[in-house]
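K.L.:
I have a structure I would like to understand better, so I am pasting it below and will then ask my questions one at a time.
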Amino acid sequence: MAKPAWKRIGPPEGMLKNLILMVMVGALPTLVMGQNPAMKPGVTVWLYETGEEMRELPILVDGQTPTVSADFQTIDFEGAWDTTYGEVLDEFYVGHAWGQMVIETGGTYEFRLTSDDGARWFLGDEAALVIDNDEVGETSGTATLNLLPGSLRYYIDFYQNDGDSRLVLEWKPPGAADFEVMPAGVLQTEDGLTHVTSPGLKSFYYEEGEGGSAGGPGDGRPLVGVHPSYDLVNFRPSDFRPAVGGLAFLPDGRLAVSTWDSTGSVYLLDHLDDGAGVTVKRFAEGLGEPLGIRVVDGVIHVTQKQEVTRLVDTDGDDVADEYLAVASGWPASFNYHEFSFNLVEKDGFLWVTTSVPLRSGSTAYLPGTEPAFPVPHGPGSLLKIDPVARTWEAVANGLRTPNGMGLGVDGELFGCDNQGDWLPSSRINHLQEGKYYGHRESPDDDRPYTRPALWLPHGEISNSPAELLRIPTGTYAGQMLFAELTHGGVNRVFMEKVKGEYQGVVFQFTQGLESGMNRLAWGPDGSLYAGGLGAGGNWNWKNTTYGLQRLRPNGKTTFEMKSVRARADGFLIEFTQPVPYSVAVRPEHYAVQQYRYVPESTYGGPKYDLATLAVGEVKVSEDRRHVFVPLVGMLEDRVVAFRLKDFMNDGRVAPWATEAWYTLNQIPEEAGPDFVPMDPPAEPDAPVPPAGAAQYEAESAALVGLTVTTEHAGFTGTGFADYGSAVGQTITWTVSAPTAGNYWVSFRYANGSSAARPLALSANGASIGNPLEFGPSGAWTSWIHTPGVLVSLVEGSNTIRLTSTLNTGPNVDHLYVCGPPELAPPGAISLFDGTEASLAANWEREANASAPSWPVDAGAMAVAIQPSPNDISTIQGFRDFTLHVEWLSPPGGSGQEAGNSGVKLQQSYEIQVLNTAVTETPVVDSAGAIYQQKPVDVNASLGAGVWQTYDIDFTAAQWEGDTKTENARITLRWNGMKVHDDVEILGSTGASVAESPGPHPLLLQAHASTASGPVRYRNVWILPKVSASEQWEAWLDEAGLEGDDRQPWSDPDGDGTANLWEYATGGDPKVAEARSGSPRVPRMEVLEQEGQRYLEFSFVRRTDTIDRGLRFDIETSATLMSGSWTVQSATLAEAPEALEGGEFERVRLRVDGPVTDRRQIFARVRVAFSD
C-alpha cells in the first residue's frame, strides 16, 4: 500500500478482533520547513484503481499516484466515489485513509471498523495493527485501547471488489453507551495538501503467493538497490539535513548546495573525501526558494523566485557579502506553485524555467471557475537571460512544472516537465526558442504544440522528474540521467534523432538513496552527487524530506539494456554484455505494448489505444550485444513499452532492469538490423542450466526488518541481507516458474557464529516443513548453500519467504531455484528417478553388492562416504550408450576435496565431478575432465551449489578376445556445451577398474571431500546403443528362454501370444497376462466415413519399438490361405496415447484404402523386424 513510511507490526496469528494496547504519544517528525504541518478536522483518502478482483488486501507498487485524492470529515463511506475525470469509481480499487486521531481525555476506548470488502487499521508511530478485517465481503472488527491524551497517527488500508462497498470507523469513548461514527474533531488531517491524481490502472502484488500485476524489483516494480556499477557513499555530516534545491562545484572542488527551506541558504561543503572530516559552512541565506545554482567564472549564482542572483564574497571569508541581481522581474504571483527552476549556462546566456500556479490540486482553466493564470506571460516559460545586459525574455512557453533542465545529447538543452492538466504524463522536452509545449492557459487554446522528445509513463518510471544532466564518460557516455523526486531514484535516457527531431527511451537506473532526488551534479572525482527533498502529502518519496549522497563509479559493468533505437519495422536493442544466442533469439522473451497519450484538461491522463505488438523473427549480432526485434503494427505518436522475460547474460545473470519505454514520435525510413545477423550456432554458446533454474538476489527481494550490506566479501550481486535482532523479520522473493511442479530450493548464506540460526520457509503463504537450520559456515566470509528442499510452485508468479524464528539470523546472499527434472526419452532406462525405490532397484554397493546406503531426500541421492569404500554401481551392465546425469557439488573444500565425486563409465573411465569455479582454467582433474587424461575444451561450469548436467555419448572399446583393437570414445556435453568431441579414452583412468571386454556397470564415486556438504545426483538415465538383434537376444537371455523357445514365433507360456509380440508389447513370454488391464491383442473396428468403410486396429505397444527395430504391418486376405496375405498401406489415426509413465503407448492404426467393395475380408496386425 502507498502509505506513510512507518514500521508496521503485524498480528501474531489470525485477525486481531479484540486488542488492548498501551499507546504513548510521541512527537511528529519535522517536515522540510522545520515546522509541524498545520492540521484541520477530517481525513485524507487516496484511492487507486486496480481494474481486477483482489483476493485479499494487496500491496501497491511504490511511486504511483492515486486515482482519487480528497479530504472528508469522517470515515463513513458508502457507494461510488467521484473523480476529476468525469467518471465515478465504484469497483476494483485499493484505498488508503490517513491522518491523526486526537484524544482529549485519557481512558479506555472501544473502536469498531466495518468494511466491505477488506480493511486494516494501523495506529501509532510504529503502525501497530489494531483491527484486521482482511476478508472479502462485509466484516466488523473491534478493539479496546487504553489511551493517553495526545495525537496518534493512523491509517486504514482497504479494498473494494464489485458489489456493495462500505467503510466506517466508530468509537465508544469513556462513559458512552453505544458506538458512534468518530467525529471530524477527533480525526485530523494536514491542512493545505495538494491533491494530485492520475487516471489509469495501478500495479499491485500480494504479500504472499501469486497474483497481481507486478513482478520483482526492476521488473514491473521500482528498483530497490544501488546500481551495481556504483558504490553509495554517505558523506554529509549527520546534523546537516539539506532539502536540496541546487548543486554545483567550485573550481577548487568544494560543493555548493542551495536549500529549499525556511532559511533559503547556500552552503559550502569541503573535504568531501575526508570521511568524518567533511565541513559545512553557510555561505548565504535569506534567499527566496533557491531552486537553481551555477558557478559562473568562479562565482556562485542562484535562481530565486523572480531573480537570478550573483553571490559575491568580497573579503574571502566564505560568506557572501553582496547579493547582486543579474536579472529579475519576470511575472509571478504569490501562488506557492509558481516556482523559478534551474540555472543552466549555454551559448553565453543563462537559462531558467518557470512553473504555472496550482489551484486546489488543478492547474486547469475549467468552465465556470477563475482563470488558472492570475499573472499572464510568465508562468510555464523558458527564460533566456543575458548576464551582461542583465535582461531576460521568455523564449518558449507551454511548460507546466519544468523542475529539471540541463545540457544533454549533442550539448542541446533538455528539460523535464511534471504531469498535470494538459500533461497526461511527465515528459522530457527538447527546449528550443520559439516553441510551444502544450500546457494551455485556457481550454480553447488549441495551437499545435511540440511533442515531447520522451514521455515518462506515470507510476511506472517517473512521477516528478527533476534535474537532468549528460553522462560524460563510461559505458553510458553521451546519454542522460535525471533525478526523480516522488518515484525515487535516478533514471537513464538514451536519445536519437529521427527525421531531424529527438526521440528516445528511458530506463530505470538506480534506487537505494535516502530520499526522493531533486538535483544531480558530477563531481571532480567522477562521482555522481545527488541531493533530495520532499514535502507533505504525497509530494515526497516514502516521507523523506532531505538527502545528499554520492554514487562513485566502481568499474563494474552491469548487465542491462544500453540503448533502444527505432527502425521502420521494429527496434534495435543494445546490451551492455553478450547475451546467449539461445536467449536473445526467442520472440517470447520480448513483451511489447504500444499506447498513446492525449492532452486533456484533467490532471494527468490515461493510456489510449493500448495494444500488444507481435514480435517477429529476432536477429542477433555476431557479438551478441545487439538484437533486432521486428514488430507488427507499429504506429507513430506512440509510447512503445518493452519488458524482457526470462533474460540473462553469458554469466546467467538477469538484467538489472527489464523494462524500457520508447517514445516513437516518428518512424524512421531505415528498416531491419544495422548489423550482419549471426547464423544459429551449431552448439550452445553458453552453459545451459536445467529447466526452471534461476538465482534471485536477497538484496533485490522485499525485506522487512533486514538491512542490505556489503560488509563481508564473497557475496554475489550487489550485497546481501543481514537479519537484525527480532523474530519475524522476512525476506520475500517473487519467483517465476515456467511450469507448475516441485522445484528444488536452496539458499546461499553465511553464518560465522557457532550455532545454527534457523529460518522458517514458506511458499505462496504455506509453510514448508520445519525451519531450515542455517548452521555455522565457518566464517562470515564463507558462503555455503542450505540442503535443497522441494517446494511446489504454480506456473507463473510465486513468492518464497524466509522468516527469522529467533532474535538473530544468518546473512542471506541469494535464493537458488531449479525446476523439476525433464523426462527421459522413450526407450531410456531410468537408473534414478528421485526415489529410494529406484535407487534400491538399480544400484548396489560396489564393495560387496549389498544395498546402497546413500540417503535420498528432495528427489536427489547424496554421496555417503561411510562405510568406506562406498562407491555404488548399477546392477545392470552396459556397453555403448547415451547417459544423462544431473549433479550438484556444494561449495567449500579445496583441491581434490572440493566436492569431489565422479561418474565412471563401465567402472573404468572417470568423468570428474568437482565444484570447479566458473572462472577456473580447465585441468586434467577439474570438473568434466577425463580424469588425468584430458581437460574439457571449455569450462562450462555453473558453479558450486547448483544443479549441472552431463550428457555422455559413449562407445565402448573394441576387443578381439582379450586384445583391445580400438579405444573407447566419448562425446560429453556439459550443461549443453560440447566439451569433449569424439575423444579417445586411452585406457582406464586413475584408481579405476582395468578395461575388459563385455558390458559393465556404471559407477558413482564416493570420494573424500571437505566441502560444505555431500555431492548429490538426480535424474540419471541411460539409453543403450545396441542393434535390434542384440536387443532381441538380450531380451531372450533376460527371460531365460532356451532352445526352440527362443524363436520369434514360439509361445512358451501357451497364452496364444508369440514371443515377438510379447517383446513388442512388453509382455512376459513365460507368464500369460495382460498389461495393466490394457489387452495386448489388437482390436479391429470397421469405420464408416463419407459412405466408405475403413479398417482400424487399436493395440498397446512399447514406446521404443522403432528403436528396437520393429515395425507393425496390417495385412489382409480374402481366403486365409498361405501366401494370400497382402500388406496394406496404413497410417496412425491420431497421436499415440502415453501409458504407464510413457513406457507404453496405445496406438490406432488405420488402413488408408476403403474396403467398401469387399464382401469378405480377413485382416491382421503383424510385427516384424525392420531389417
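The values are calculated or read from the model by the stated rules, or taken from the named source; none is laboratory data. As the structure is a computational prediction, the values presented were derived from the model and not from experiment. Here Cβ is always computed from backbone atoms with ideal geometry, including for glycine, and neighbour counts include all displayed protein chains.
Residues are listed down the side, and each one gets a yes or a no for (1) assigned by TED's automatic domain parsing to the domain that holds Ala940; (2) buried (at least 23 other Cβ atoms within 10 Å of the Cβ); (3) closer than 26 Å to Leu790 by Cα:
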position: Val863; (1), (2), (3): yes, yes, yes
position: Arg879; (1), (2), (3): yes, no, no
position: Thr882; (1), (2), (3): yes, no, no
position: Leu888; (1), (2), (3): yes, yes, yes
position: Gln912; (1), (2), (3): yes, yes, no
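K.L.:
Here's a follow-up. Looking at the range 962-1013, what strands (runs of 3 or more DSSP E) fall wholly within it and have at least 1 residues that are assigned by TED's automatic domain parsing to the domain that holds Asp857 and surrounded by 18 or more Cβ atoms within 10 Å (Cβ to Cβ)?
P.N.:
968-974, 977-985
K.L.:
In the range 948-958, is there at least one residue being within 30 Å of Phe715 (Cα to Cα), of a type in the set (Ser, Thr, Tyr), assigned to a loop (DSSP other than H, G, I, E, B) and under 36 Å from the mean Cα position of the chain (by Cα)?
P.N.:
No.
K.L.:
Restricting the search to the range 422-477, which residues are out of contact with any His (no Cβ under 9 Å at 6 or more places or on another chain), in a strand (DSSP E or B) and not hydrophobic (A, V, I, L, M, F, W, C)?
P.N.:
Residues satisfying the conditions are Arg427, Asn429, His430, Tyr436, Glu467, Arg470.
K.L.:
For the range 305-361, name all the residues that are loosely packed, with under 15 Cβ neighbours inside 10 Å, of a type in the set (A, V, I, L, M, F, W, C) and assigned to a strand (DSSP E or B).
P.N.:
Val312, Leu324, Ala325 - these are the residues of the range 305-361 that are loosely packed, with under 15 Cβ neighbours inside 10 Å, of a type in the set (A, V, I, L, M, F, W, C) and assigned to a strand (DSSP E or B).
K.L.:
Right, next: In the range 684-713, how many are assigned to a loop (DSSP other than H, G, I, E, B) and within 30 Å of Arg1018 (Cα to Cα)?
P.N.:
Number satisfying all stated conditions: 11.
K.L.:
Among the residues of the range 393-438, which ones are among the charged types (D, E, K, R) and surrounded by fewer than 24 Cβ atoms within 10 Å (Cβ to Cβ)?
P.N.:
Across the range 393-438, the qualifying residues are Glu393, Asp410, Glu412, Glu433, Lys435.
K.L.:
Looking at (1) hydrophobic (A, V, I, L, M, F, W, C); (2) over 16 Å from Ala243 (Cα atoms); (3) not in a strand (DSSP E or B), which one does Leu287 not meet, given that it meets all the others?
P.N.:
(2)
K.L.:
Looking at the range 183-193, which of the residues that are under 13 Å from Glu104 (Cβ atoms) and part of a loop (DSSP other than H, G, I, E, B) is modelled with the highest pLDDT?
P.N.:
Val186
K.L.:
Would you be able to say whether some residue in the range 930-938 is part of a strand (DSSP E or B) and either under 28 Å from Ala691 (Cβ atoms) or touching a helix residue (DSSP H, G or I) at 6+ places or on another chain (Cβ under 8 Å) (or both)?
P.N.:
yes
K.L.:
State all residues of the range 1114-1141 that are of a type in the set (Asp, Glu) and more than 21 Å from Thr1103 (Cα to Cα); if no residue qualifies, say none.
P.N.:
Listed by number, the list holds a single entry, Glu1115.
K.L.:
With respect to Glu52, is the statement that it is over 30 Å from Pro174 (Cα atoms) and surrounded by fewer than 20 Cβ atoms within 10 Å (Cβ to Cβ) true?
P.N.:
yes
K.L.:
Checking the structure you have, find out if any residue of the range 735-752 is more than 24 Å from Trp887 (Cβ to Cβ), among the β-branched types (Val, Ile, Thr) and surrounded by fewer than 21 Cβ atoms within 10 Å (Cβ to Cβ).
P.N.:
No; the residues of the range 735-752 include none that is more than 24 Å from Trp887 (Cβ to Cβ), among the β-branched types (Val, Ile, Thr) and surrounded by fewer than 21 Cβ atoms within 10 Å (Cβ to Cβ).
K.L.:
A further question follows. Could we say that Phe559 is assigned to a strand (DSSP E or B) and in contact with a strand residue (DSSP E or B) (Cβ under 8 Å, 6 or more places away or on another chain) here?
P.N.:
Here the answer is no, as Phe559 does not meet what is asked.
K.L.:
Moving on to the next point. Are any residues in the range 924-940 out of contact with any Pro (no Cβ under 6 Å at 6 or more places or on another chain) and either crowded, with 24+ Cβ neighbours inside 10 Å or not polar (S, T, N, Q) (or both), and if so, which ones?
P.N.:
Selection gives Asp925, Ala927, Gly928, Ile930, Tyr931, Lys934, Asp937, Val938.
K.L.:
Determine whether Ser830 is of a type outside the set (Asp, Glu), on the phi < 0 side of the Ramachandran plot and in contact with a helix residue (DSSP H, G or I) (Cβ under 8 Å, 6 or more places away or on another chain).
P.N.:
Yes, satisfied.
K.L.:
Let me ask another. Give the number of residues within the range 848-893 that are among the aliphatic types (A, V, I, L, M) and touching a Gly at 6+ places or on another chain (Cβ under 6 Å).
P.N.:
The number of residues fulfilling the criteria is 1.
K.L.:
Could I ask something else about it? Return the residues of the range 891-900 that are surrounded by fewer than 23 Cβ atoms within 10 Å (Cβ to Cβ) and touching a residue at least 40 places away in the same chain (Cβ under 8 Å); say none if nothing qualifies.
P.N.:
Pro891, Gly892, Gly893, Ser894, Gln896, Glu897, Ala898
K.L.:
In addition: Considering only strands (runs of 3 or more DSSP E) fully contained in the range 788-857, which possess at least 1 residues that are surrounded by fewer than 22 Cβ atoms within 10 Å (Cβ to Cβ) and without any contact (Cβ under 8 Å) to a residue 40 or more places away in the chain?
P.N.:
Output list reads 843-845.
K.L.:
Quick one: would you say Val94 is assigned to a loop (DSSP other than H, G, I, E, B) and of a type in the set (Val, Ile, Thr)?
P.N.:
Judged against the criteria, Val94 is not a match.
K.L.:
Any idea which of (1) surrounded by fewer than 24 Cβ atoms within 10 Å (Cβ to Cβ); (2) in a strand (DSSP E or B) is the one Glu920 doesn't satisfy?
P.N.:
Of (1) surrounded by fewer than 24 Cβ atoms within 10 Å (Cβ to Cβ); (2) in a strand (DSSP E or B), only one is false for Glu920: (2).
K.L.:
Now for a different question. Considering each residue of the range 248-284, count those that are part of a loop (DSSP other than H, G, I, E, B) and among the small types (Gly, Ala, Ser), and give that number.
P.N.:
4
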